[in-house]
Amino acid sequence: MVESKHQWKAWLYLAPAIVLLLVFTVWPIINTVRMAFLEDYSIAAASGGEASFSLGVGNFVKVAQYQDFLVCLKNTVLLCLITVPISTLLALLVAVALNSIKPLRKLLQTIFFLPYVTNSIAIGMVFAAMFNIVGSLGTRRPLIQTVGIVNNVIEFFGGSYVNWINNGSSYWPNMFVLIIYIVWNALPFKILILLGGLQSVNKQYYEAAKVDSTPRWRVLWRITVPLLSPMIAYVVITGFIGGFKEYTSIVGIFGESLGPAHAPGRLNTMVGFIYDALAQHHQGRASAAALILFAIILLVTLINLQVSKKRVHY
Amino acid sequence: MSDHTIRTMRSRDMGKATSKQHFTKGFALVGTYLFLCVMAVIVLFPFYWMLISSVKSLAEYRLSKPTFWPQVLLLSNYAEAFTTASLGRLFFNTAYVGIISTILSLFITIITAFAFARLQFKGKELLFAGLLATMMIPGELFTITNYITVSTFGWTNTFTALIVPFLVSVFYIYLLRQNFLQIPNELYLAAKVDGTSDWKYLWKVMVPLALPTLISITILKMMGAWNSYIWPRLVANDEAHRLVTNGLRNAFKDTSGEVNYPVQMAAVALVSAPLFLVFIFLRKYIMAGVSRSGIKG
């Protein structure tokens, strides 16, 4: 008797969450798959939901053939492959350095965490300002007032200024700015996790290395990295997952045009593609692209897990 | 070789090495600090540049030789930024959405986590595993259908559209359930003997004990509202309901050319300020929450 009464009560506690999850999580999963495989879904739905659409992989074919999608896929993959290793390596070096000092550690630790508590659009605008050329570059009046602080530094060291993100800038300077910004943004989380891992590492291994007077880089490579490998695997996997969903940092730097003035959309990403399709009421295309994104993330995570199974020492 | 000889040999070797070791050790320490300081400067520079640019006059900002300390402190940039981006309205909207969604979300998270941690019902393990499985799916996959759902419900351009779809977070439920499970079962049984109801026990005993986790969730949820951009832009992009991030990007559409950067930087500083204040006062909770969650805001 008591049991059944409890059951009824437990479901009462769960009811709000279950109702919301059914509407906003479970239904979307089913519906996204359905829309992706229904061809011309949005057109049919717009004309009053006639049941004339057929089932197929047409949306996927259309997405893959779409020129913009290939651009988005290329940008996303490039950004991932470049930023994840750089930020992981830098974070590892910073974490090891922080772990080896005593005075100022707390202060430096706080400083390195600061980029985390920022609004990625807002600080993206700061990066845009730093790389900007203020004036009318590329128009009829080639009037340059200031080439921006980053270019000032380059000129100070004897280089000449670069058109990073302005009208007429080329692809790799654009990418460079994005890479710098994404790495800057990704560091705090990685440092936090790796430093946490370092502090739980058994000190005995280092004592042994000290007795043998092993060189520092060897200690780093042979002791620290293997001991930290679970955390490294974790930050690499989350880094890839986050990297494949990169979008707001690009909006932060380039605005909603997602590219310099002469080439809007040039730096769009997978997530951007999905939202563009959605904004244009191509739900089928958006759904197909979202499923492709999910498949890629799943695949990359599985590969990462497979690699770390061989390399990670638990 | 006897044990003794080995020991003397080793101590002789070490004696020879000490002065050299001291030197390399000191050298390495200087190198470590140098590296950390350079990295710290790189990390801090954008904040510094944002702040000093925000008080420069446009003419000073455009000097071809940059100034690293403003010649005149032009605080009127902040007033101009506040009106240009109508930040007052944006701050109010964001605070409203943040507070309401945090309160409702905390309530749902608490009762759900309690049910999973303490109550007995059929299919508990299966349901919980199902919940956890949804965490793997990228949010973009939900957004497409939720956009259609919200439009069908007629919620476009309302605060409801910004609040309701995100009330349940599986991750927060998971986090709080783990915390609840750590509270000894004896406490619960003792309360049962005393005739305390589940409901009372939850709010009088469990919630106070799980307070640190609840604070972490609150901060992350508020930061989420402050930083959310994509969803608000899709469903509530009118003046009356626009949130701060979207409003900021909208107010300063041009990213290059003849932009009044000092005013733009002042607006960015104003938008960033609340986050920094929260960080200064609640650093411990944020860092604890983040290291367990691995999610950005």
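Read the figures in this text as sums done on the coordinates, not as results from a lab. Owing to the predicted nature of the structure, the values given are computational and were not obtained by experimental measurement. Neighbour counts run over all protein chains shown; Cβ positions are idealised from the backbone, glycine included.
Ordering A:Ile241, A:Leu114, A:Ile180 by the projection of their Cα atoms onto the charge dipole of chain A, which places +1 on the Cβ of Lys and Arg and -1 on the Cβ of Asp and Glu, puts A:Leu114 at the extreme positive end. Relative to the 2.2 N^0.38 Å rule of thumb, region B:76-293 has a C-alpha radius of gyration ratio of 1.21. Summary value for chain B: 29 percent relative contact order, contacts being C-alpha pairs under 8 angstrom separated by 6+ residues.
Among B:Gly88, B:Gly224, B:Gly123, the largest mean-square fluctuation in a Gaussian network model of chain B, built with springs joining Cα atoms closer than 10 Å, belongs to B:Gly123. Here's how it looks for A:Gln145: its modeled amide H is under 5 Å from those of A:Val134, A:Gly135, A:Ser136, which are all 5 or more places away or on a different chain.
A simple rule links phi to the HN-Hα coupling: the Karplus curve 6.51 cos²θ - 1.76 cosθ + 1.60 with θ = phi - 60°, which for region B:77-89 gives 4, 5, 4, 5, 4, 4, 7, 4, 8, 6, 5, x, 4 Hz, with x for Gly and Pro.
The orientation-averaged shadow of the Cα convex hull for region B:99-150, equal to a quarter of the hull surface, comes to 4.9 nm². Its Kirkwood hydrodynamic radius, worked out from the mean inverse distance over all distinct Cα pairs, puts region A:61-311 at 20.4 Å. Computed on region A:165-254, with alpha-carbon pairs under 8 angstrom and 6+ residues apart, the relative contact order is 42 percent.
Roughly how many debye, to the nearest 20, is the charge dipole of chain A about its Cα centre, given +1 on each Lys and Arg Cβ, -1 on each Asp and Glu Cβ, and no other charges?
In total the dipole reaches around 1120 debye.
The fraction of all Cα pairs in the protein assembly as shown landing in successive 20 Å bins from 0 to the largest distance is 17, 47, 29, 6, 0, given as whole percents. Using C-alpha pairs below 8 Å separated by at least 6 residues, the relative contact order for chain A is 26 percent.
Calculated FRET efficiency, A:Lys203 to B:Phe276, Cβ-Cβ distance, R0 = 25 Å: about 0.10 to the nearest 0.05. Membrane-span-like helices of chain A, defined as complete DSSP H segments with a Cα extent of 24 Å or more along the helix axis and a mean Kyte hydropathy of at least 1.0, are identified as A:67-99, A:171-199, A:225-244, A:283-311.
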